[in-house]
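Heads up: the structure comes next, in structure tokens.
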Amino acid sequence: MNTAKVAAAKAAMNHIVDGTIIGVGTGSTANCLIDAIGESRLQLKGAVASSEATAQRLTAIGVDVMDLNSTGTLDLYIDGADEANRDLQLIKGGGGALTREKIVANASREFICIADESKQVDVLGSFPLPVEVIPMARSFVARELLKLGCDPEYREGGVTDNGNIILDCHGFEITSPEELEQAVNNIPGVVTVGLFALRPADRLIIGKDDGSTEIL
Ligand code: 5RP
């Protein structure tokens, strides 16, 4: 059990309204949230999952997993991150769920990011930036990413829930996150870049090793 991740997840519980449908992210911090929901008295109307793994966990605790096509705009999405800067712009996709995460984040009025303090950075990019790519475009997209100034690495065995592959981009120092997000998204064959700059988090709940939390 990671005290900091659990603390962030439990603090996020205060923002969930009983009887609503929420979006739930993917990863170990999001799993702490699912555990907390399971242990609580909260009766969600349902949840939209950002991955098959999250859908399975939600089902296991008795939450009705819903199709985003039937829910309309969600009030709240809660998810972790691999890096977060002061503007609450994020790198996500370490767990490979970046596309569905970005869809649900954009389909939600509020996006709360939960993370331990190791995820806070001044400049995004130390964590390799994941890019989900249509398989037949892999080599072309890799060459285009090289031109943007990074070193893309094929993620072995990293087939996404959407049947695509992931290129992890090393060496980016992301000083203009919105511009880079648009530039990568514009490469034909790219499905999604794991840079959440155009739709950053609205709040960031940082969990600490002593069990305390800070909200930014
Ligand atoms: C999955 C993600 C996760 O939010 C991110 O990788 C953080 O994971 P964790 O909570 O396990 O540190 O983007 O695609």
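Within the range 67-87, identify whether any single residue is touching a His at 6+ places or on another chain (Cβ under 9 Å) and open to solvent by less than 20 Å² (accessible area, probe 1.4 Å), and answer yes or no. Looking through the range 67-87, at least one residue is touching a His at 6+ places or on another chain (Cβ under 9 Å) and open to solvent by less than 20 Å² (accessible area, probe 1.4 Å). Of the residues making up the range 71-93, those that are of a type in the set (Gly, Ala, Ser) and near the ligand (Cβ under 8 Å from one of its atoms) number 3.
All told, GLU144 meets the bar of being away from the ligand (no atom under 11 Å from the Cβ), surrounded by fewer than 23 Cβ atoms within 10 Å (Cβ to Cβ) and farther than 30 Å from GLY46 by Cβ. Scanning the range 81-97 for residues being hydrophobic (A, V, I, L, M, F, W, C) and either assigned to a loop (DSSP other than H, G, I, E, B) or without any contact (Cβ under 8 Å) to a residue 12 or more places away in the chain (or both) gives a total of 3.
When GLU153 is tested against (1) outside the structural domain of GLU110 (by TED's automatic domain parsing); (2) under 18 Å from VAL121 (Cβ atoms); (3) modelled with pLDDT of 95 or more, only condition (2) is not met.
Taking the range 99-111 as the range and being outside any strand (DSSP E or B) and either within 12 Å of the ligand (Cβ to nearest atom) or open to solvent by 50 Å² or more (accessible area, probe 1.4 Å) (or both) as the test, the residues that pass are THR99, ARG100, GLU101, LYS102, ILE103, VAL104, ALA105, ASN106. Could you tell me how many of the residues in the range 161-188 are buried (at least 18 other Cβ atoms within 10 Å of the Cβ), more than 14 Å from the ligand (Cβ to nearest atom) and in a loop (DSSP other than H, G, I, E, B)? The total comes to 2. Condition (residue is assigned to a helix (DSSP H, G or I), open to solvent by 80 Å² or more (accessible area, probe 1.4 Å) and not assigned by TED's automatic domain parsing to the domain that holds GLN89) applied to the range 126-138: is it met by at least one residue? Yes, there is a match, as at least one residue in the range 126-138 is assigned to a helix (DSSP H, G or I), open to solvent by 80 Å² or more (accessible area, probe 1.4 Å) and not assigned by TED's automatic domain parsing to the domain that holds GLN89. In the range 98-116, the residues that are over 12 Å from ARG203 (Cα atoms) form Cβ pairs under 7 Å with partners that are more than 12 Å from the ligand (Cβ to nearest atom) and of a type in the set (Gly, Ala, Ser), at six or more places apart or across chains, as follows: VAL104/GLY23; SER108/GLY23.
Taken as a whole, the structure places ALA60 among residues that are assigned by TED's automatic domain parsing to the domain that holds ILE16, of a type outside the set (Phe, Trp, Tyr) and more than 14 Å from the ligand (Cβ to nearest atom). Quick check on this structure: which one of GLY96, GLY25, GLY46 is open to solvent by less than 10 Å² (accessible area, probe 1.4 Å), small (Gly, Ala, Ser) and within 9 Å of the ligand (Cβ to nearest atom)? Going through GLY96, GLY25, GLY46 in turn, the sole match is GLY25.
The values are calculated or read from the model by the stated rules, or taken from the named source; none is laboratory data. Quantities reported herein were computed from a predicted structural model and do not represent experimental measurements. Cβ sites come from the backbone with ideal geometry, for glycine too, and all protein chains shown count toward neighbours. For accessibility, only protein heavy atoms count, side chains too; no ligands or nucleic acids. Shrake-Rupley method; radii C 1.70, N 1.55, O 1.52, S 1.80 Å.
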